[in-house]
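Trainee: Sharing a structure with you now.
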Amino acid sequence: MSNEKSLREEYEESIKDNVEYYKSRVAKIEKEGEDGIELIEMIEPLNLEPESRSVYTGNIRLEYETVEDARKVLSHILAKTPVERFVKVSRDTGSKLKWAYSVQYKGVMLQVEPAEPSKDCVAVKRTTTYSSWICERASD
């Protein structure tokens with residue numbers, strides 16, 4: 001007699017594994033939701049008035065017209081919330097590299113755009129199988 005599982009046992013195990021996977025994803029989303037609400041409750045009373053915003057589970061992006069406007073918002077957030085510092089990050093928008101100030105607050109990423117590009121960085125788009133941006137040091 002074979003020690004292999006029956007087709008039914010394999011199928012039931014597959015279902016169980018998928019259910020466990022999605023339960024863990026749902027738990028993660030619920031936790032990010034709680035963290036996001038906590039963050040929003042801290043920053044919403046600050047009346048930050050972004051030009052545009054995008055929100056989805058685990059990420060809040062506030063976009064402003066100028067770097068100066070974004071910096072004013074950063075100062076306000078730093079002064080009025082437990083957030084202690086932001087880091088500068090970049091993301092690919094397809095046609096260019098966009099910079100933002102970013103902070104991870106518990107399970108949620110808050111980004112404030114735009115940020116000025118890093119001083120030592122010249123953004124170069126490299127095309128291979130997948131297009132990617134690389135930072136090359138600015139020439140002297």
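Trainee: Where nothing but the Cβ of Lys and Arg (+1) and of Asp and Glu (-1) is charged, how large is the charge dipole of the chain around its Cα centre, in debye to the nearest 20?
Mentor: Once rounded to the nearest 20, the dipole reads 420 debye.
Trainee: In whole percent, what relative contact order does the chain give with Cα contacts below 8 Å and a gap of six or more residues?
Mentor: 18
Trainee: One-quarter of the Cα convex hull surface for region 7-137, in nm²?
Mentor: 11.5
Trainee: Going highest first, how would you order 101-107, 45-51 by mean Cβ packing within 10 Å?
Mentor: 101-107, 45-51
Trainee: For the chain, find the longest principal axis of its Cα atoms and tell me its angle to the long axis of helix 67-80, 0 to 90°, nearest 10.
Mentor: The helix 67-80 is inclined about 70 degrees to the chain.
Trainee: Please report how many Lys pairs in region 7-137 have alpha carbons closer than 13 angstrom, counting only residues at least 8 apart along the chain or sitting on separate chains.
Mentor: Counting lysine pairs in region 7-137 gives 8.
Trainee: Now for a separate question. For helix 7-43, what angle does its Cα long axis make with the longest principal axis of the chain, in degrees from 0 to 90 and rounded to 10?
Mentor: 20
Trainee: In deg cm²/dmol, rounded to 500, what helix-only [θ] at 222 nm does the chain give when every DSSP H run of at least 4 residues adds -39500 (n - 2.57) and the total is split over its residues?
Mentor: Per the formula, -13000 deg cm²/dmol.
Each value in this text was obtained by applying a stated rule to the coordinates, not by laboratory testing. Everything numeric in this text was worked out from a predicted model, so none of it was measured. Positions of Cβ are backbone-derived with ideal geometry, glycine not excepted, and every protein chain shown enters the neighbour counts.
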